[in-house]
Structure formats: structure tokens, C-alpha cells
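As C-alpha cells, the structure follows; a few thoughts come after it.
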Amino acid sequence: MSFVEYSDVIQDGDVAIVYLGIDSTMPIKVQKGAQTQTRYGVIRHSTDLIGQRYGSKVTCSKGGWVHVLHPTPELWTVSLPHRTQILYTTDIATITMMLELKPGSVVCESGTGSGSLSHAILRTIAPTGHLHTVEFHQQRAEKVAEEFKEHRVDHLVTVRNQDVCKDGFGVTGVADAVFLDIPSPWEAVRHAKTALKRQGGRVCSFSPCIEQVQKTCQALMDQGFEELSSVEVLLRVHDVRVVSMPLPDFGPDPSAPPGPDSRGEAPNHASISLKTTTPPREIPGHTGYLTFATKPRT
């Protein structure tokens, strides 16, 4: 099992995602002799998981059942233990596209936090890219390093416990892209420029407040960055439902033969059932602003 490679069969030591329902998932470490308690009953790892195919339907001790899924960055995002506020797939997809990440890319990230974006970056840049991620908080840095090793992606990532605003990313002139998710990103812009490769490169900063965006944009311009843009991504999921609509009555058809309607009887208007979508009454609100910029080619 690896977050960047797919395996067919669940093995001892794997991290698997237990799918309980559309809004309920949980990660588990598969171990011989271990058990996991769910609301549907106990899952026994040795008999219920090890040797089974990923995606299998597993019956729990109380008769309920769950699906056991192969871990992906998207599933990890919705099931990981939160140590910080995290980025979700809506913003992650935009970041990955706008930073032009691809297999082989070298990326610098700060701060690492709970590792939600980090796992998505690693999946995108594998098998030959590398992520240099910086986390100010020592315990969080140690924990995320353990998770990278457990998820078998540690060969693709270097974790540094330091203050990026003071000490930078620990690399110079190698990064294709830099991502900043820190309280004062404008203080790290010069370090981002230093980390980026000599010929171009992209930078992205995530900030919840527009005042942070303004200061960051000014710092980017002061450092000579170009093509500045700030966006806000809002997810709007439409519900699909069946509705019944009456067919319009255009009056009698003069070319039709005489029928019941011609004798004064009320017509029986037909209706039609169809599927349609309706926008949600409420949508998730503001998460943050994404500011992108390009280092000019020199």
C-alpha cells in the first residue's frame, strides 16, 4: 500500500480507509490480531481485512457492513486527524492546476499542518519529483513525518522543522513551485524567490483575510513577481430530483376528429415526470483566497 501507487490486496501494515457512509470515513492501520470498533460492529483485521481486495464489502460483528477502500489523497483529506485547519479538495485541485504541477516537479511548501495538501502534491509529482515541506511546530512536524513514512511516501518528501519566514525552505534555486499557508506569507516571499529555480516558477499563497492578500501582493511585486491574480473558489453542488410538470394546454386541435372534448367534457391534461437539478439553499462559505504569481525568467 502506498498513497502514490495502487495495490489490489489489503496487507498487514497497510493504512486503509473504512467507508461507513457518504459523510463518514475513518482511517485504520491494518495489523494482525487487531480489531476496529465501528457503529456496525467489530472489524477483525486478520479475518476480515488481510488478504481481501481493496473495495471489498466487509460484514461487521453486528451484521452491518462497510467498504474498505485503498487510501487516496482525497479520502485522506476527509478522514485525517485534524491538527490544524486543512485545505480541502476544491482548493487543492485549483492549486495543483495553477502551480502547473506534474510528475517530476520539485515543490516547496509551508506550513505542512495536517498534511492534506502535502499528500495531493506527492501523488501529483511522483515518482521522480520531491516535496520540501516546512513546519514551524515541532510536534506537528514529527507527526507528519511519521505519517509520510507510514504511507510509504517518505522517499518523495523532506520535512523541516523551522521558521520559514526567518530560515527559508532550506533549498536554493531548485523549486518549480512554492506554496505558502502561513499567517504572514509576505515575510516569506523573498525566501520563496530564493527557493524557486532561476528560470521561472510559480508561487501560491493561501490566506483567509483580504488584508493578508494585499500585503502579500505588495511583497510579490516588490520582489519582481509577475502575473499576479487572486481567486476565491466556492463549491456549489446541485441536487438531482424528480419533478412532475403538467403539459401545456394549447387549446383544441382544429384538425383533430370529434372526441369527448367536443361534447363539452373537461379535457384530462397530462403531466410528465423528469429529472432536474436544483441549487442548494445553502452553500459552504468563504475558506480563503488563493494568490498566484510567476517568477520572471531571467
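The values are calculated or read from the model by the stated rules, or taken from the named source; none is laboratory data. A quick note: this is a predicted structure, and the numbers were derived from the prediction, not measured. Because the Cβ atoms are built from the backbone with ideal geometry, glycine has one as well, and the counts that use them run over all protein chains shown. Side chains included, ligands, DNA and RNA excluded: accessible areas come from the protein's heavy atoms. Shrake-Rupley method; radii C 1.70, N 1.55, O 1.52, S 1.80 Å.
Is region 18-36 home to any residue that is surrounded by fewer than 17 Cβ atoms within 10 Å (Cβ to Cβ), touching a Ser or Thr at 6+ places or on another chain (Cβ under 7 Å) and more than 30 Å from D181 (Cβ to Cβ)? Yes, the conditions are met somewhere in region 18-36. Screening region 155-184 for residues that are open to solvent by 40 Å² or more (accessible area, probe 1.4 Å) and part of a helix (DSSP H, G or I) and picking the one that is farthest from I210 (Cα to Cα) gives H155.
For region 114-148, filtering for residues that are assigned to a loop (DSSP other than H, G, I, E, B), under 17 Å from T89 (Cα atoms) and in contact with a helix residue (DSSP H, G or I) (Cβ under 7 Å, 6 or more places away or on another chain) leaves 1.
Among the residues of region 69-93, the one identified as open to solvent by less than 10 Å² (accessible area, probe 1.4 Å) and of a type in the set (S, T, N, Q) is T77. The residue list T128, T172, T194 contains one member that is among the polar types (S, T, N, Q) and closer than 24 Å to V15 by Cβ, which is T128. Taking the numbered list (1) part of a loop (DSSP other than H, G, I, E, B); (2) touching a strand residue (DSSP E or B) at 6+ places or on another chain (Cβ under 6 Å); (3) open to solvent by less than 10 Å² (accessible area, probe 1.4 Å) in turn, R152 passes all entries but (3).
Here's the yes/no breakdown for (1) modelled with pLDDT of 95 or more; (2) closer than 29 Å to Q139 by Cβ; (3) assigned to a loop (DSSP other than H, G, I, E, B); (4) under 23 Å from the mean Cα position of the chain (by Cα):
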{"site": "S7", "(1), (2), (3), (4)": "no, no, yes, yes"}
{"site": "A16", "(1), (2), (3), (4)": "yes, yes, no, yes"}
{"site": "P27", "(1), (2), (3), (4)": "yes, yes, no, yes"}
{"site": "K32", "(1), (2), (3), (4)": "yes, no, yes, no"}
{"site": "I43", "(1), (2), (3), (4)": "yes, no, no, no"}
{"site": "S46", "(1), (2), (3), (4)": "yes, no, no, no"}
{"site": "S61", "(1), (2), (3), (4)": "no, no, yes, no"}
{"site": "T77", "(1), (2), (3), (4)": "yes, yes, no, yes"}
{"site": "P81", "(1), (2), (3), (4)": "no, yes, yes, yes"}
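Restricting region 194-205 to residues that are surrounded by 21 or more Cβ atoms within 10 Å (Cβ to Cβ) and of a type outside the set (G, A, S), the residue that is farthest from T96 (Cα to Cα) is L196. With respect to (1) open to solvent by less than 20 Å² (accessible area, probe 1.4 Å); (2) touching a His at 6+ places or on another chain (Cβ under 8 Å), the lone exception for H45 is condition (2). Here's a check for you: in region 243-253, which residue that is in a strand (DSSP E or B) and open to solvent by less than 90 Å² (accessible area, probe 1.4 Å) is farthest from T94 (Cα to Cα)? Checking each candidate, the answer is S244. Kindly check whether there is at least one residue in region 94-107 that is acidic (D, E), part of a loop (DSSP other than H, G, I, E, B) and either under 23 Å from M1 (Cα atoms) or open to solvent by 70 Å² or more (accessible area, probe 1.4 Å) (or both). Yes - at least one qualifying residue is present in region 94-107. Quick check on my filter: what residues within region 187-210 are in a strand (DSSP E or B), more than 20 Å from D163 (Cα to Cα) and at pLDDT 95 or above? The one that is in a strand (DSSP E or B), more than 20 Å from D163 (Cα to Cα) and at pLDDT 95 or above: R202.
Any chance region 110-127 includes a residue that's at negative phi, open to solvent by 30 Å² or more (accessible area, probe 1.4 Å) and more than 19 Å from the chain's Cα centre (by Cα)? There is at least one residue in region 110-127 that is at negative phi, open to solvent by 30 Å² or more (accessible area, probe 1.4 Å) and more than 19 Å from the chain's Cα centre (by Cα). Restricting region 211-242 to residues that are within 30 Å of R281 (Cβ to Cβ), surrounded by 15 or more Cβ atoms within 10 Å (Cβ to Cβ) and at pLDDT 95 or above, the residue that is nearest to the chain's Cα centre (by Cα) is S230.
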